[in-house]
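Shown next, in structure tokens, is the structure this report addresses.
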Amino acid sequence: VQLVESGGGLVQPGGSLRLSCAASGRIFSINPMGWYRQAPGKQRELVATIIRGGSTNYVDSVKGRFTISRDNAKDMVYLQMNNLKPEDTAVYYCNLVISPRNWGQGTQVTVSS
């Protein structure tokens, strides 16, 4: 089982990024998945979740700006991030919502002018 995140980068405030997560392993394809982030000096937080059927949930700080999606056939999970703010700067990870495991290397998102 393996998780590989990509798509991060440096973007100006108000900009957009689309993160991708390749989640190999059946456990990831059939269970709720989420995007987490960890800012320097802070605990890792879960910001968006999606179940296999497509229903989603978001933490208040990203509602209306972030959209999580998944392609079960391709074992992929995505996070479209719009209107990015400096406080969104963090390393972003994807993983299971319940009992996350086998953390990937994450992808760095930096929002700065």
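Per-structure values
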quantity: The chain: relative contact order as a whole-number percent, Cα under 8 Å and 6+ apart; calculated: 38 percent
quantity: Surface share of carbon and sulfur [accessible, 1.4 angstrom probe, percent] for the chain; calculated: 48 percent
quantity: Convex hull (Cα only) mean projected area of the stretch 3-48, reported in nm² to one decimal; calculated: 4.2 nm²
quantity: Heavy-atom accessible area ranking, 1.4 Å probe, most first, across Leu3, Leu10; calculated: Leu10, Leu3
quantity: Only Lys, Arg (+1) and Asp, Glu (-1) charged, at Cβ; the stretch 20-113 dipole about Cα centre in debye; calculated: 140 debye
quantity: Simple label model, 7 Å out from Cα along Cβ direction - Leu10 to Ser69, nm; calculated: 2.9 nm
quantity: Residue-averaged 222 nm ellipticity for the chain, from DSSP H runs of 4+ at -39500 (n - 2.57), nearest 500; calculated: -1000 deg cm²/dmol
quantity: Calculated FRET value between Asn83 and Arg52, using beta carbons and R₀ = 25 Å, to 0.05; calculated: 0.35
quantity: Distance cut-off 14 Å, percentage of C-alpha pairs in the stretch 48-113 lying past it; calculated: 64 percent
quantity: Base-10 log of normalised Debye intensity for the chain (one unit scatterer per alpha-carbon) at q = 0.19, 0.21 Å⁻¹; calculated: -0.91, -1.12
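The values are calculated or read from the model by the stated rules, or taken from the named source; none is laboratory data. Here the structure is a predicted model, which is why all the values come from computation and not from measurement. FYI the Cβ positions are ideal-geometry reconstructions off the backbone, even for glycines, and counts take in every protein chain you see. Calculation scope for accessible area: heavy atoms of the full protein, side chains included, ligands and nucleic acids excluded. Shrake-Rupley method; radii C 1.70, N 1.55, O 1.52, S 1.80 Å.
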